[in-house]
Amino acid sequence: MTCCHFIRFSNRKCCASCSFIQANIFYQNLGEDLGRYADKKLRERGVEIRSKTRVGGVTRREVQLNDGTQLTSFTLIWTAGASPNPTIDLLDCPKERGRLKVNQFLSVETRPGVWAVGDCALVPDLTTGQFCPPTAQHAVREGKVLAHNILAEIRGTTKKPFKFKTLGQLASIGRRTGVAQILGLKFSGFLAWFLWRGIYWSKLPRMERKCASRSTGCSIFYLQKTSRSLFRSALR
Ligand SMILES: Cc1cc2nc3c(=O)[nH]c(=O)nc-3n(C[C@H](O)[C@H](O)[C@H](O)COP(=O)(O)OP(=O)(O)OC[C@H]3O[C@@H](n4cnc5c(N)ncnc54)[C@H](O)[C@@H]3O)c2cc1C
């Protein structure tokens, strides 16, 4: 999200340029069609995209890439995914990729009374046979199942297995365009961007935060103007 806000300003009229460094294939999670759409749109806007490239080091004026390239840059926006909290390393429990291995009931099998959810847990995905991705849509649902299961353990009743199929993925690519895959349907352009903004806004807790947020319905039309002028003033 942070990156898309930056990308929004990266155009020929503005003095900033933007390079997008991605360790995998660009937008691999969204599938080929949407990935190609996003790639094309961003390139049209002057964004340089480097796929299958990693950032190896950063200095005050340079970003060093693992292919030996050095990019002059004064601003690095790091949006690489979540990694488990290092506190997990201290626990003597089975782990994989730094995450605590739990069963479908979200408990660590070899450690009765130890439970884990969210980014620190490696939860089996009963719908795919793989593991659940570390996303908020999984974490909040795991939390509910966990609460049920802890009570069930105390009361001696039946525990619920965690079973949830990823609803979809949304990404904004700036300037009121986005890409979205929801329940198997793919969208791109303004509709995808509108869904992205609307869904994230609806997830904000409490009404006053929703109202205070610039993501409210009214600001959809004004936000970009406001933030663009702020960005330009900052560059002056
Ligand atoms: C840049 C970025 C973009 C993302 N975008 C999306 C997205 O679009 N959609 C989506 O579904 N998911 C997204 N995610 C993933 C999502 O944020 C996480 O999967 C989700 O927040 C995990 O929830 P959690 O409760 O496990 O961890 P967190 O939400 O990280 O909560 C952990 C809490 O524990 C606290 N904590 C840490 N250490 C300690 C300690 N030692 N003692 C006490 N408290 C501690 C932290 O302060 C924090 O409040 C994104 C993640 C990142 C980094």
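The values are calculated or read from the model by the stated rules, or taken from the named source; none is laboratory data. From a predicted model like this one, the values you see are computed outputs, not experimental measurements. Cβ coordinates were reconstructed from backbone atoms using ideal geometry, including for glycine residues, and neighbour counts include every protein chain displayed.
Among the residues of the range 195-208 satisfying the criterion of being within 18 Å of the chain's Cα centre (by Cα) and farther than 10 Å from VAL179 by Cα, which is surrounded by the most Cβ atoms within 10 Å (Cβ to Cβ)?
Among residues in the range 195-208 that are within 18 Å of the chain's Cα centre (by Cα) and farther than 10 Å from VAL179 by Cα, the one surrounded by the most Cβ atoms within 10 Å (Cβ to Cβ) is ARG197.
Among the numbered criteria (1) surrounded by 13 or more Cβ atoms within 10 Å (Cβ to Cβ); (2) more than 16 Å from the ligand (Cβ to nearest atom); (3) modelled with pLDDT of 90 or more, which single criterion is violated by VAL55?
(2)
Could you go through the range 66-89 and let me know if any residue there is within 15 Å of the ligand (Cβ to nearest atom), outside any helix (DSSP H, G or I) and in contact with a Phe, Trp or Tyr (Cβ under 8 Å, 6 or more places away or on another chain).
yes
Take LEU100 and tell me if it is touching a Ser or Thr at 6+ places or on another chain (Cβ under 8 Å), surrounded by 15 or more Cβ atoms within 10 Å (Cβ to Cβ) and not aromatic (Phe, Trp, Tyr).
no
Are any residues in the range 90-104 assigned to a strand (DSSP E or B) and of a type in the set (D, E, K, R), and if so, which ones?
Within the range 90-104, LYS95, GLU96, ARG99, LYS101 meet the criteria.
Mind checking which residues of the range 140-197 are farther than 30 Å from GLU48 by Cβ, assigned to a loop (DSSP other than H, G, I, E, B), in contact with a Leu (Cβ under 8 Å, 6 or more places away or on another chain) and more than 13 Å from the ligand (Cβ to nearest atom)?
Listed by number, the residues that qualify are THR157, PRO161, PHE162, LYS163, LEU183.
Counting only residues that are of a type in the set (D, E, K, R) and part of a loop (DSSP other than H, G, I, E, B), which one in the range 106-139 is nearest to the ligand (Cβ to nearest atom)?
Checking each candidate, the answer is ASP125.
Could you tell me how many of the residues in the range 23-74 are among the polar types (S, T, N, Q) and in contact (Cβ under 8 Å) with a residue 40 or more places away in the chain?
So the count comes out to 2.
Taking interchain pairs and intrachain pairs at least six residues apart, which have beta carbon atoms under 8 angstrom, with the first residue in the range 125-139 and in contact (Cβ under 8 Å) with a residue 24 or more places away in the chain and the second of a type in the set (S, T, N, Q) and more than 10 Å from the ligand (Cβ to nearest atom)?
Hits for this filter: LEU126/GLN104.
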